[in-house]
1. Taking segment 1-29 as the search range and keeping residues that are of a type in the set (Val, Ile, Thr) and closer than 16 Å to residue 188 by Cα, which one is surrounded by the most Cβ atoms within 10 Å (Cβ to Cβ)?
2. Pairs only if they're at least six apart or on different chains, beta carbon under 9 angstrom, first in segment 311-326 and more than 15 Å from residue 3 (Cβ to Cβ), second outside any helix (DSSP H, G or I) and not hydrophobic (A, V, I, L, M, F, W, C); list them, first residue then second.
3. So which of 292, 325, 336 is assigned to a helix (DSSP H, G or I), of a type in the set (Ser, Thr, Tyr), crowded, with 18+ Cβ neighbours inside 10 Å and out of contact with any helix residue (DSSP H, G or I) (no Cβ under 6 Å at 6 or more places or on another chain)?
4. Just to check your reading of the model, which residue among 136, 113 is at pLDDT 95 or above, closer than 11 Å to residue 83 by Cα and surrounded by 17 or more Cβ atoms within 10 Å (Cβ to Cβ)?
5. Name, by its number, the condition in (1) farther than 18 Å from residue 24 by Cβ; (2) out of contact with any strand residue (DSSP E or B) (no Cβ under 9 Å at 6 or more places or on another chain) that does not hold for residue 211.
6. Before we move on, is residue 40 surrounded by fewer than 21 Cβ atoms within 10 Å (Cβ to Cβ), touching a residue at least 12 places away in the same chain (Cβ under 8 Å), among the aliphatic types (A, V, I, L, M) and not in a strand (DSSP E or B)?
7. Search segment 217-238 for residues that are polar (S, T, N, Q) and pair each with any residue that is part of a helix (DSSP H, G or I) when their beta-carbon atoms are under 7 Å apart and the residues are at least 6 apart or on different chains.
8. Conditions first: (1) surrounded by 15 or more Cβ atoms within 10 Å (Cβ to Cβ); (2) more than 21 Å from residue 226 (Cα to Cα). Residue 344 passes all but one, so which condition is the exception?
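The values are calculated or read from the model by the stated rules, or taken from the named source; none is laboratory data. Treat the numbers as computed from the prediction; the structure is a model and nothing was measured. Neighbour counts are summed over all protein chains in view; Cβ atoms, including those assigned to glycine, are modelled from backbone coordinates with ideal geometry.
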Amino acid sequence: MELVHKIIFFMFGFIIFWGMVGYPFSLKVISHIYKNRKLVKDYNHQPTVTVMVVAHNEEKVILHKLKNLTELNYPKEKIEFLITSDNSSDSTNKIVNEFIEENKDINIRLYEVRERKGKTNAQNEAQKLVETEYLVMTDANSLLDKNSISELMAAFSSPDIAYVTGKLSIINTEVSDISSSESSYWNSDLAIREIEGNIQSITAGNGALYACRNKDYYNFDLIKSHDSAMPLHFVLKGRRAICNHDAIAYEKVGEEVGDEFGRKIRMNRRILEKIIPDIRLLNIFRYKWFSYFYFGHRTCRYLLWISHLLVFISNLMLVQHSIFYAITFTGQILFYLMALTKLVTKTDNKYLTLIYYYNVTIIAQWIGVYNIFTGKAKPFWEKAETTR
């Protein structure tokens, strides 16, 4: 049994290390090999575009969003706006209709989803109304830089690029230690995505701002999110999914741990499927760097919940066998105690906050797994008020 415990300890310990440290470091090394690969842009590429906004009970932000859309720097005769209200029961629809009435020179319309089935369903329904060449998706609480649409379109510089996501810039970084921790994580993730996209393809986008050709749109299962499903879908078809971080969307993240915790639970509603979403990804001869990217950036991180548990248990079984295992087990205990210290004392120490935030992420994964097995994983959710 000792050998089994050692195998478990080192195998799942490697998964934790590689996902959080090894893979990001390896990308920095690889990026030097491909240092001449940069995003090529074609600013003469200005096709017709529909900007779709899915909104459910967004009366607090929808007017600000509508005004923001009218300020975009893109030819007016080539852009239109489609607000998709996912069975809103507040004043969202009224506000949008009043805005349409007051701005008849703007090509904007409202589509009302009659039964709330979540964001992906709302997108699937509304896309059938789109006749433009390209489709841009953005969230109701995201404010777009005036050049964001031009930047997205410029990035479609070759036929093999099927998906382009922009950069989500967090605007409430300093409001709380939770928003600061999320911002730190997000900034490091953005750097990883840029390298992945320059070399081949990103493994996931973000819901704040992304685009695809309208003819390439695919009706995904309602429980799936475009953030993770779209890039993978296109890569498996031999296309590329990339990012253009000059296309910027500004957004708030949760300022309270409960808000970010809820968001992370929602993100993990299909965590088991995402570990290896398609067996074809194991074919490194066909998918090349993307197989490597997905294992390091997604598979290892989606396995953190079980990896931490198995490393802890196997380490406990080995603790009496050598000083090495005694030290690693003590380190684990201290790691979790530091997270508990942050929870109890509410200290502003940034290192304790990062450790606490990391543990919150792991717990959210566990709840995501629990929701899958109990049938509680749903395609819709209640928004975090501190993000509005």
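1. 21
2. The qualifying pairs are 326/320.
3. Sole residue among the options that is assigned to a helix (DSSP H, G or I), of a type in the set (Ser, Thr, Tyr), crowded, with 18+ Cβ neighbours inside 10 Å and out of contact with any helix residue (DSSP H, G or I) (no Cβ under 6 Å at 6 or more places or on another chain): 292.
4. The conditions single out 113.
5. Condition (2) is where residue 211 drops out.
6. Against the criterion (surrounded by fewer than 21 Cβ atoms within 10 Å (Cβ to Cβ), touching a residue at least 12 places away in the same chain (Cβ under 8 Å), among the aliphatic types (A, V, I, L, M) and not in a strand (DSSP E or B)), residue 40 qualifies.
7. Listed by first residue and then by second, the contacts come to 219/124; 225/120; 228/274.
8. Unmet for residue 344, out of (1) surrounded by 15 or more Cβ atoms within 10 Å (Cβ to Cβ); (2) more than 21 Å from residue 226 (Cα to Cα): (1).
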